[in-house]
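Notes to accompany the following structure.
The values are calculated or read from the model by the stated rules, or taken from the named source; none is laboratory data. Just so we're clear, the structure is a prediction, and the values are computed from it rather than from any experiment. Ligands, DNA and RNA are excluded from the accessible area calculation, which covers all protein heavy atoms including side chains. Shrake-Rupley method; radii C 1.70, N 1.55, O 1.52, S 1.80 Å.
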Amino acid sequence: MQFFFSMIVVLLLLSIFLLYVTAPRGTLWHEATRLPVLWYQALRSRQPKATLKRINYGPHLRQYYLYCEPKLPSANPPRWIIYFHGGSWRWGKPDYFRVHAHILAGLGYHVILPSYRPCPQHNYSHIAADLKALLRNLDQKHADWSPQATIAGGMSAGGHLSALLALDANLIREALPNARSIAGFFALGAPLDLEQMPKSFAIRDLAGSREDPLFSKANPAAHLPLQPQQRGLIIHGDQDGMVPVAAARAFVQKAKGSSNDIAFHQIERGTHLSIAAWPFQNEQVRQIITNWLSQNPTPPKP
């Protein structure tokens, strides 16, 4: 019995190895076989990791964020980044992104890594409520925080939420009635136009059917154009096997119809997970992000 079990394990590992070697770029199999490597890098990387403070913004186990102070002297007024983790709106957690926080804090930003109630137990209506609760908490807990001094960012599902936080004026208005919109967003390998996404359980669990009003609320492209003085950065691999590059292209085309402050970088031979690995091994993408954030003008004082 033990020999039989050992053989099954060996065959399973061999199958995974063969898929890793043979699965072509631009396919889900190629991405899936590399996902364990990415998570290992995130958890075991020897790169410096930020020291983070956990702050709850609601009673649910997932209603919290991690806060990291900047490594450089704080700008005047201070600058902030809200960086959302990826994982199809259901997996992942902020605690895996200490390396990301260290890099962003090294640019002089106060860094917020939020968690939120995940799918499939919850949908975008609950996530939107969590975004509003997060904004109210930041306003109450951090005297130097302001929306106009804040950039949102994230990878995959996190990039999707960063775009919604920037583009959906109702999120800010309903949380903080007298506040202005956030300064902009950067989205990496993100489903920015849900109309261009293939049908999947992940999208349906998030936003319902395409005829559902929630679908439009959850679609960043439906909230274009950008607000005045907002900026956007979109990075996407041309061989992304999880989020088709067509979703990014469609969003950028719509956005550029009304704004010149959208920068789009299509990475040659880039896959979903090679973009996600920007803190570890993708120097090209890391440089694009850090350059864009470093060039971001100092926000006006509230």
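Note on His265: accessible area approximately 70 square angstrom, rounded to 10, probe 1.4 Å, nucleic acids and ligands left out. Across the range 86-97, coupling constants 3J(HN,Hα) worked out from phi with the 6.51/-1.76/1.60 Karplus curve, θ = phi - 60°, read x, x, 6, 6, 9, 10, x, 7, x, 4, 7, 10 Hz, and Gly and Pro carry x.
Measure off, as a whole percent, the carbon and sulfur share of the 1.4 Å-probe accessible area of the range 148-223, all protein chains present. The C+S portion of the solvent-accessible surface of the range 148-223 is 49 percent. Of Phe186, Phe264, Phe201, the order by accessible heavy-atom surface (1.4 Å probe, DNA, RNA and ligands excluded), from most exposed downward, is Phe201, Phe264, Phe186.
Along its principal axes, the range 43-202 has C-alpha extents of 46, 43, 31 angstrom, given from the largest down.
For the range 58-194, the share of DSSP beta bridges that are antiparallel, to the nearest 5, is 20%. Taking amide H as placed 1.01 Å from N in the peptide plane, the amide H of Ala152 sits under 5 Å from that of Ile82, Gly184, Phe185, Phe186, each at least 5 places away or on another chain. Each residue of the range 279-287 was assigned a 3J(HN,Hα) from its phi angle through the Karplus expression (A = 6.51, B = -1.76, C = 1.60, θ = phi - 60°), giving x, 10, 9, 10, 5, 4, 5, 4, 5 Hz with x at Gly and Pro. Normalised by the number of residues in the range 165-302, what is the relative contact order in percent for Cα pairs under 8 Å and 6+ residues apart? Result for the range 165-302 is 25 percent.
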